[in-house]
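> Before anything else, here's the structure in question.
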Amino acid sequence: MSRVWNFSAGPAVLPLPVLEQIREELTDWQGAGMGVMEMSHRGKAFTGIIEAAEADLRSLLGVPGNYRVLFLQGGATQQFAQIPLNLLGTGGDGSADYIVTGSWSKKAFGEAARFGRVRCAASTEADRFTRLPTAAEYAFDPAAAYVHLCTNETIHGVEFPAEVTMATPAPLVADMSSHLLSRPFDVSRFGLIYGGAQKNVGPAGLTLVIVRDDLLGKAAAHIPSVMDYAVMAANGSMLNTPPTFAIYAAGLVFKWLQAQGGLAGIAGVNAQKAALLYACIDGSGGFYRNNIAADCRSRMNVPFTLSDPALDAAFLADSQAAGLIGLKGHKSFGGMRASIYNALPLDGVRVLVDFMNDFAKRHG
Ligand code: PMP
């Protein structure tokens, strides 16, 4: 078997033991005589799978009892709309504040503006999203229904610290798509957390929403019931057929994370991986560059440029030939990006760094 080192931003690498277990159980899940894809979502076997997945996710993250865990579809992009539709009040006449620190929070802000009144409470766009706002730059509306932020910007490589400290007048709503489960954090600091699964959690098709009870039941009257958090919570995420196979696979990822020492365990490895890669970039004498302020560099998505963009094509071709794939930067940003999610092993980053050092020596 030959597996590449996969640095894709998402869908992304999954833990090999998880894939092997899926292969093992694909046609006969634990003696059921059928695979999970073929099972009724209302049957005993799948009920056990989703309940175990929720229990394991709750214990990994330390989700307090007054939060609902929802297994939804539609991706984080659907949440960009679903959040204002649910949280701006039954008349939809509230207003929300958005912190804009990169492409994804900017998209969330733009989409929310289609459904209600939104304000920008701080933006670092003038600095090309290379830093987070300072405490003094936040200007919140005391009447805001919620404050939205993206705690890890997948394209720009900007990450908030694990403990978000700014004082806000309203519940924090966080897009954590690209670093959920990569380190411990205090869930109770947030009113709602969401993310597409296809980076750190499991396969595409599953969207996680963790929402505090008091934020349920405020949805605008006209929204589809499948988009109403309160309806989904009352139905255990099964108003309709949930993405069963993705939930099963995510459940296996949660078990794998427990075996890594939980979020504290995986956070240690993630810190080592990020330190290695940034040290390579910073130590390259300018051959490679990442211009994000040091205290908000993402531990998950590391964008970098080559001093001579004419070398980009050779870098991509040579890295691919060396079994390192998915390093091309986002089309809106250019350059390179290495996504080093939970399931990308430390050895993969070592191989990448050796390749980068060698490439710089050959072309520097
Ligand atoms: N937010 C962030 C931070 C992301 O990285 C992405 C996907 N790259 C999205 C939102 C959009 O997610 P989806 O494709 O699941 O809608």
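The values are calculated or read from the model by the stated rules, or taken from the named source; none is laboratory data. Keep in mind the model is a prediction, meaning the values are calculated, not measured. Neighbour counts run over all protein chains shown; Cβ positions are idealised from the backbone, glycine included. Each accessible area value is taken on the protein alone, full model and side chains, heavy atoms only, with ligands, DNA and RNA left out. Shrake-Rupley method; radii C 1.70, N 1.55, O 1.52, S 1.80 Å.
> For the chain, report the translational diffusion coefficient in µm²/s to the nearest whole number, using Stokes-Einstein at 10 °C, 1.306 mPa s, and a Kirkwood Rh over Cα pairs.
Rounded to a whole number, D works out at 74 µm²/s.
> Compute the normalised compactness of region 1-68: alpha-carbon radius of gyration over 2.2 N^0.38 Å, N being the residue count. Before the final figure, lay out the partial values.
Numbers: Rg = 15.4 Å, N = 68, 2.2 N^0.38 = 10.9 Å.
Relative to the rule-of-thumb radius for its length, region 1-68 sits at 1.41.
> On to the next question. Mean Kyte-Doolittle of at least 0.5 plus a Cα span of 20 Å or more along the axis: flag which DSSP H helices in the chain meet both, please.
44-61, 244-259, 262-282
> Please compute the Kirkwood hydrodynamic radius over region 162-316, one decimal place, Å, based on all pairs of different Cα atoms. List each step's numbers first, then the result.
Numbers: mean 1/r = 0.0539 Å⁻¹.
Hydrodynamic radius (Kirkwood, Cα pairs) of region 162-316 is 18.6 Å.
> Shifting gears a bit: For Ser40 and Ala314 in the same chain, what is the full-extension length gain: residue separation times 0.36 nm, less their Cα-Cα distance, in nm? Walk me through the numbers on the way to the answer.
Values: separation 274, 0.36 × 274 = 98.64 nm, distance 4.95 nm.
Gain on stretching Ser40 to Ala314: 93.7 nm.
> Still on this structure: What Kirkwood hydrodynamic radius, in Å, does region 240-313 give when the mean of 1/r is taken over all pairs of distinct Cα atoms and then inverted?
Hydrodynamic radius (Kirkwood, Cα only) of region 240-313 equals 15.2 Å.
> Okay, next question. Taking the Cα centre of region 247-364 as the origin, how large is its charge dipole in debye, to the nearest 20, when only Lys and Arg (+1) and Asp and Glu (-1) carry charge on their Cβ atoms?
240 debye
> Same structure, new question: First compute the accessible area of the chain with a 1.4 Å probe, then give the percent of it belonging to carbon and sulfur atoms. Intermediate values should be presented prior to the final figure.
On the way: 8010 of 14680 Å².
Summing carbon and sulfur atoms, their accessible area is 55 percent of the total for the chain.
> Ok, one more. log10 I(q)/I(0), Debye, Cα-only region 246-364, no solvent, q = 0.15, 0.17, 0.18, 0.19 Å⁻¹?
Relative scattering, expressed as log10 I(q)/I(0), comes to -0.70, -0.87, -0.95, -1.03.
> I need the calculated FRET efficiency for the pair Leu346 and Arg189, taking r as the beta carbon distance and R₀ as 25 Å, to the nearest 0.05.
After rounding, the FRET efficiency stands at 0.30.
> Determine which lysines satisfy two conditions relative to Lys255: a Cα distance under 19 Å, and not lying fewer than 8 residues away in the same chain.
Lys199
> Work out how much length Asp354 to Ala113 would gain on full extension: take 0.36 nm times their residue separation and subtract the Cα-Cα distance, in nm to one decimal.
On the way: separation 241, 0.36 × 241 = 86.76 nm, distance 4.55 nm.
Extending this stretch completely gives an extra 82.2 nm.
> At what distance in nm do the modelled label points of Ala279 and Ser307 sit from each other, each positioned 7 Å from its Cα along Cα→Cβ?
With each label placed 7 Å out from Cα toward Cβ, I get 2.2 nm.
> Sticking with this structure for a sec: How long is region 175-238 along each principal axis, judged by its Cα atoms, biggest number first, in Å?
36, 27, 18
> With every protein chain left in place, what is the accessible area per residue of the chain in square angstrom, probe 1.4 Å?
Value for the chain: 40 Å² per residue.
> What size of dipole, in debye to the nearest 20, comes out for region 54-125 about its Cα centre when the only charges are +1 on Lys and Arg C-beta atoms and -1 on Asp and Glu C-beta atoms?
120 debye
> Now for a separate question. Suppose the Debye formula is applied to equal point scatterers at every Cα of region 103-205; what is log10 I(q)/I(0) at q = 0.13 Å⁻¹?
At q = 0.13 Å⁻¹ the computed log10 ratios are -0.47.
> Between Glu25 and Thr134, what FRET efficiency follows from the Cβ-Cβ distance if R0 is 56 Å, with the result rounded to 0.05?
0.65
> For region 37-92, with equal point scatterers placed on the C-alpha atoms only and solvent neglected, what are the log10 I(q)/I(0) values from the Debye formula at q = 0.15, 0.21 1/Å, to two decimals?
-0.67, -0.97
> What's the extension gain from Met238 to Arg3 if we count 0.36 nm per residue and subtract their Cα-Cα distance?
Numbers: separation 235, 0.36 × 235 = 84.60 nm, distance 3.57 nm.
Answer, rounded to one decimal: 81.0 nm.
> Oh, and also: Divide by every residue of the chain the summed helix terms, -39500 (n - 2.57) for each DSSP H run of at least 4, and state the resulting mean residue ellipticity at 222 nm, rounded to the nearest 500 deg cm²/dmol.
-10500 deg cm²/dmol
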